[in-house]
Amino acid sequence: MPSYNKLVRDKIPQILDQKGISYEKRVASPEEYKVELIKKLGEEVKEFDEDGDLEELADVVEVVEALKKLPEYKGVEESRRKKREARGGFDQKIILKGEKQ
């Protein structure tokens, strides 16, 4: 039987209960939560990279939204806006080719 020890969405225990699947559940400490969210982000980005699926992109966005709620990332939207204002976004689809300096 496969084993796992990972951060899951809030309703996963309820879904497993309905299916009669046994599991152990605990709540992460704040430090562990941050580590697990970053790990989950890498996992979801990898899945999106492999599949390019809308559902996988939604998972990436959900993890990013959770990270934005952590105290150390509260200012990310302001930082994003400032960076966009200074350097632009990706709207013009520009690709550069050259040698790294």
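Relative to one another, the C-alpha centroids of region 48-67 and region 80-98 are positioned 21 Å apart. Cβ crowding within 10 Å ranks LEU70, LEU41, LEU54 as LEU54, LEU70, LEU41, fewest other Cβ atoms first.
A dipole drawn for the chain from +1 and -1 charges on Cβ atoms has a positive end, and of ILE15, ILE94, VAL27 the residue lying farthest that way is ILE94. Gyration tensor analysis over the Cα atoms of the chain returns equivalent ellipsoid semi-axes of 34, 18, 13 Å (largest first, whole Å).
Where in region 54-72 is the amide nitrogen less than 16 Å from a point lying 7 Å along the Cα-to-Cβ axis of ASP10? Residues passing the 16 Å test: 62-70. Taking a straight line from the alpha carbon of LYS69, these lysines sit under 23 Å away, with near neighbours fewer than eight places off in the same chain left out: LYS6, LYS11, LYS25, LYS34, LYS39, LYS40, LYS46, LYS82, LYS83.
Coordinate-derived values only; no laboratory data. As the structure is a computational prediction, the values presented were derived from the model and not from experiment. Reconstructed Cβ throughout: ideal geometry from the backbone, glycine too, with neighbour counts over all protein chains shown.
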